[in-house]
Amino acid sequence: MKIAKKTFLVLILIFILTNCANKQINPIIIDDQYLDNLLVNISDINDEILENIYNSNSISPLKKQKFYLDYFNKLRFFFNDKYSQDYYFFASITLSKYFPQITQQLTNDLIILFKQGNYHKTLYYINQLERHSNLSTELIELKCYCYYYTQNIYDFVQYHSKFKNENFSQQFRNFLKKISNELPVEFYFMTHTARNFEIHYSNSLKFENIQIIANYLEDAVNYVNRIFGWYPSDKITVLIYEYGDYYKQHDILNLSSGLFDGKIRIPLSNNIAIENLKQTIFHEYAHSMQYQVASNSMRFYWLTEGIAKYVEASLNNLNVAKPEVELIKFSEIDNVFNFEKNNTDKLRAAYYQAYLIVKYIADNFGERTIGEIIKKFKYSNNIDKILKQEIFIDTNELFRNLNFLVEKL
């Protein structure tokens, strides 16, 4: 009985194999129609298909290039959608293996991603690209910047040392010179990972204070998301220094209680009341989020510092008190931040008046309008055009309105 059962199974197996052998496998014909069909639904295109097209002798190199370019142009539509951006980079990096002509555009897009504060993502995509092609000097520099801004100091030093003979740009050489004082101190920082932050801190500071700062940072995430609709797209790097190291390494005034320069940097002492740092943390976090949403908007200091001061003040439902200094023209605020930072009276006036501008917009058009103004900078650098779309007046009229209000104070 067992032998008969085995014989029956063997016969079935022979029948199946014979059937498969007799069936003719229809090979894919790579022609113009096949390429056109692929472009109808590009989500079906994968590495294997791209390789088959690359190796095919049935279509000319010119047609292949046209297909690759058409495919890439369709992928480009996904770049500006944050929910589809990963798809764009994965697909484009795969395509670059067979069509390296897109590498410069990919480089430009990675720079944009980096400038949005997405340092970890940018680093990941550069690593994927590096797996199958040599990086240009521009991308080597960008990878070093990513290591620096994600606080991977060891990787930064190791990777940079591999390219000592590279012809780096003057901007990058200036950057290396600028950070030469930072690295020896920060190399030995401890690390604490929070949900949206990588916090690096001096090992002489109390860990319980670092935990409190981490909680304040996460509170800031929820608060800014609630009022402006901004949420981090990548982990934010935070550095907590001892007071002496902070002021020694950074060319800033002693009245600075924190700064954002791509990383949030805060001085701390074990002897201070930690709750006094909460407003500073919210202020610098607001900067970091504006940078992620649209970094090009930060060149308008009246908007950048106004938003941060507004967040800092509204946290406690307070109004920023008018400083005991002579006020300036609203049109002069950016000039003070750019060229007169050492003039403490003018600087205090500039912070206060920047806050008044943002408060005026929030009071008259809603806090979410501020969030929308910054988001529109993704697509335009024209602040007057953006303001007219959101609050129906340009900067000149906005400043005139504020000058009129200030005269009543």
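Only the coordinates and a few stated rules stand behind these numbers; no lab work does. Please read all numbers here as calculations on a predicted model, not as lab measurements. A quick note on method: Cβ atoms are made from the backbone with ideal geometry, for glycine too, and the neighbour counts reach across all protein chains shown.
A compact table of results
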read-out	value
Taking the chain and dividing mean pair separation by its residue count, relative contact order in percent (alpha carbons under 8 Å, at least six apart)	10 percent
Gained length - K82 relative to A273, 0.36 nm times residue gap less alpha-carbon distance	64.8 nm
Rounded tilt (10° steps) of 137-149 against the dominant C-alpha axis of the chain	60 degrees
Rough spin-label spacing in nm, given labels placed 7 Å along Cα→Cβ, for E324 and F207	4.6 nm
Length gained when the stretch I28-Y231 is fully extended (0.36 nm per residue, less Cα-Cα span)	68.5 nm
Computed helical MRE - 222 nm, the chain, DSSP H runs ≥ 4 contributing -39500 (n - 2.57), nearest 500	-19000 deg cm²/dmol
Furthest towards positive pole of dipole, L95, N401, I373, structure part the chain, Cβ charges	L95
Across K248/K329; K121/K162; K278/K388; K115/K346, pairs whose alpha-carbon gap is larger than 27 Å	K248/K329; K278/K388; K115/K346
DSSP loop trypsin sites (Lys or Arg not before Pro) with at most 16 other Cβ within 10 Å excluded, longest remaining stretch of the chain	207-328
Dipole axis of the range 32-184 (+1 Lys, Arg; -1 Asp, Glu on Cβ), positive-most option in I179, F168, T137	I179
Rounded FRET efficiency, nearest 0.05, which uses the C-beta distance separating F339 from F90 and R0 of 41 Å	0.40
Nearest-ten-degree value, helix 278-294 long axis tilted from longest Cα axis of the chain	50 degrees
Translational diffusion of the chain, µm² s⁻¹ [Kirkwood Rh, Cα pairs; Stokes-Einstein; 10 °C; 1.306 mPa s]	63 µm²/s
Near-label residues of the range 84-104 by backbone N, under 20 Å of a point 7 Å along Cα→Cβ of I59	91-103
C-alpha long axis of helix 207-228 to longest principal axis of the chain, angle in °	80 degrees
Residues listed by number, the range 254-295, amide nitrogen under 19 Å from Y243 label point at 7 Å toward C-beta	254-259, 265-281
Residue-span extension gain [L183 to K66] - 0.36 nm each, minus C-alpha spacing	37.4 nm
